[in-house]
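The structure appears right after this line, and notes come after that.
The values are calculated or read from the model by the stated rules, or taken from the named source; none is laboratory data. Remember, predicted model here, so these are calculated numbers, not experimental data. A quick note on method: Cβ atoms are made from the backbone with ideal geometry, for glycine too, and the neighbour counts reach across all protein chains shown. In case anyone asks, the SASA skips ligands and DNA or RNA and just uses the protein heavy atoms, side chains included. Shrake-Rupley method; radii C 1.70, N 1.55, O 1.52, S 1.80 Å.
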Amino acid sequence: MIIGVPKEIKNNENRVALTPSGVKELKRHGHQVFVQATAGEGSGFADDEYKSVGAELLPTIEDVYGKAEMIVKVKEPIEAEYKLIKEDQLVFTYFHFASHEPLTKAMIESKAVCLAYETVEKADRSLPLLVPMSEVAGRMSIQQGAKYLEKPLKGRGILLGGVPGVRPAKVMILGGGIVGTEAAKMAAGMGADVTILDLSLPRLRYLDDVMPANVKTLMSSEYNIREMIKDHDLIIGAVLIPGAKAPKLITRDMLKDMRPGTVLVDVAVDQGGCFETTKPTTHQEPTYIIDDVVHYSVANMPGAVPYTSTLALTNATLPYAIQLANKGWKTACKENNELRLGLNVIKGDVVYKAVSDAFDLPFTPLDQYI
Ligand SMILES: NC(=O)c1ccc[n+]([C@@H]2O[C@H](COP(=O)([O-])OP(=O)(O)OC[C@H]3O[C@@H](n4cnc5c(N)ncnc54)[C@H](O)[C@@H]3O)[C@@H](O)[C@H]2O)c1
């Protein structure tokens with residue numbers, strides 16, 4: 001198959017969909033890979049590295065879309081890319097259709113086959129192509145939180161791990177899923193006094209089993225949250241109710257009960273945030289202050305560490321990309337239900353129920369195709 005890797009052109013997006021190592025694997029399976037010049041630059045991969053493993057470099061994005069049977073990307077196509085996508089072309093990337101009507105309509109019009117990373121789903125309902133970004137954001141939340149606790153950045157001026165003779169900082173993590181677990185591991189490793197709150201007792205039991213002694217678990221409730229915020233230095237928002245807006249677990253009135261310089265990191269900002277005072281920020285201006293409480297709520301945290309994020313993402317996407325390239329989308333999706341669930345739009349038909357529901361568009365059951 002002819003595979004194309006365009007350079008990401010969405011603002012501040014430095015990830016790339018295939019690393020040189022990924023290209024090598026696809027070449028080993030007999031495929032032809034075209035990579036747009038400088039596509040890997042933002043993640044630290046030079047054009048020469050791609051060339052050395054057999055990729056063919058193309059100067060423009062038009063060339064890449066023009067040649068490829070399968071486009072492998074990171075972010076959803078932006079308006080400038082709509083017209084480049086061709087009939088029958090397979091596009092494998094994050095789409096997040098349900099939150100973007102113009103994109104959905106443009107992809108219907110293109111008659112391309114759109115396979116969305118975010119809806120590829122395993123039998124246990126986990127989302128293997130979303131997990132790596134939650135892992136990155138979870139680990140990063142502590143790195144950022146520790147930094148903003150420093151006095152010059154308006155934090156309380158407390159060192160996360162303390163020192164001999166001085167107590168460590170107290171970290172409270174709301175939600176013990178992927179983000180929360182990774183955050184807890186980082187905070188615990190730095191010596192902080194950590195508590196994870198979740199609504200799921202089985203999850204709390206599991207975390208209690210696997211976490212080190214400086215991580216405690218607590219049932220999530222308004223009462224417990226109100227008690228905890230009084231003396232916790234860093235609070236991480238990491239809850240998720242699939243398909244719904246995040247619940248507001250910390251309300252505006254609670255800020256006055258926190259100590260000045262407390263830091264709130266709301267990783268769940270992309271689902272509306274789990275603090276009432278959360279509003280999305282960017283890496284250019286990641287924080288703002290309300291009632292002396294520092295808020296960090298960057299909507300695309302992994303974007304700040306493109307090297308790690310690219311490797312984490314491509315580790316997860318490559319096995320699927322290889323299946324699609326080896327078998328073509330129809331056979332690959334027939335043989336692998338995880339991939340099949342990634343199909344959102346096929347040749348003008350919406351085949352993913354949540355997307356058709358979101359915009360009142362006609363729904364075509366997948367079995368008409370596979
Ligand atoms: N900002 C970013 O850059 C970024 C990056 C990756 C993920 N995220 C977001 O982070 C959030 C968490 O993702 P995840 O992968 O860890 O999800 P997850 O499903 O693995 O975990 C969510 C956890 O929240 C718990 N929960 C639900 N309601 C709760 C409540 N009231 N109190 C306490 N816990 C509760 C659930 O039981 C679950 O354990 C999501 O909104 C995700 O979109 C953001």
Checklist outcome for this item: All-but-one check, VAL355 against (1) modelled with pLDDT under 95; (2) open to solvent by 20 Å² or more (accessible area, probe 1.4 Å); (3) in contact with a strand residue (DSSP E or B) (Cβ under 7 Å, 6 or more places away or on another chain), failing number (2)
Item to check | Of all residues making up segment 247-268, the number that are open to solvent by 10 Å² or more (accessible area, probe 1.4 Å), within 13 Å of the ligand (Cβ to nearest atom) and either hydrophobic (A, V, I, L, M, F, W, C) or in contact (Cβ under 8 Å) with a residue 40 or more places away in the chain (or both) | outcome: 2
Checklist entry - Before we move on, is ARG15 touching a Ser or Thr at 6+ places or on another chain (Cβ under 6 Å) and either open to solvent by 10 Å² or more (accessible area, probe 1.4 Å) or over 25 Å from TYR369 (Cα atoms) (or both)? => result yes
Checklist outcome for this item: By residue number, the members of segment 329-346 that are in contact (Cβ under 8 Å) with a residue 40 or more places away in the chain and open to solvent by 20 Å² or more (accessible area, probe 1.4 Å) are TRP329, LYS330, ASN337, GLU338, LEU341
Next on the checklist: Take the conditions in contact (Cβ under 8 Å) with a residue 60 or more places away in the chain and of a type outside the set (Asp, Glu) and apply them to ARG28. Does it pass?
Outcome noted: no
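Residue by residue through segment 223-240, note down the ones that are free of Cβ contacts under 8 Å to residues at least 24 places away in the same chain and within 14 Å of the ligand (Cβ to nearest atom).
Listed by number, the list holds a single entry, TYR223.
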Checklist outcome for this item: The residue from ALA137, ALA116, ALA112, ALA146 that alone is among the hydrophobic types (A, V, I, L, M, F, W, C) and either over 22 Å from THR308 (Cα atoms) or at pLDDT below 95 (or both) is ALA112
Next on the checklist: So for segment 33-55 (the condition being open to solvent by 70 Å² or more (accessible area, probe 1.4 Å) and in contact with a strand residue (DSSP E or B) (Cβ under 7 Å, 6 or more places away or on another chain)), does at least one residue qualify?
Outcome noted: yes
Checklist entry - Is it the case that some residue within segment 90-99 is within 13 Å of the ligand (Cβ to nearest atom), of a type in the set (S, T, N, Q) and in a helix (DSSP H, G or I)? => result yes
Next on the checklist: Can you report the number of residues in segment 29-70 which are of a type in the set (Val, Ile, Thr) and farther than 14 Å from ILE9 by Cβ?
Outcome noted: 3
Checklist entry - What is the number of the single condition among (1) within 14 Å of the ligand (Cβ to nearest atom); (2) at pLDDT 95 or above; (3) surrounded by fewer than 23 Cβ atoms within 10 Å (Cβ to Cβ) that ILE290 does not meet? => result (1)
Next on the checklist: Which condition from (1) of a type in the set (S, T, N, Q); (2) at pLDDT 95 or above; (3) surrounded by 16 or more Cβ atoms within 10 Å (Cβ to Cβ) is the one that ASN300 breaks?
Outcome noted: (2)
Checklist outcome for this item: Taking segment 189-206 and keeping only residues that are in a helix (DSSP H, G or I) and either open to solvent by less than 10 Å² (accessible area, probe 1.4 Å) or within 14 Å of the ligand (Cβ to nearest atom) (or both), one is left with LEU201, PRO202, ARG203, LEU204, ARG205, TYR206
Item to check | Checking ASP209 against (1) more than 12 Å from the ligand (Cβ to nearest atom); (2) within 26 Å of the chain's Cα centre (by Cα), the condition it does not meet | outcome: (2)
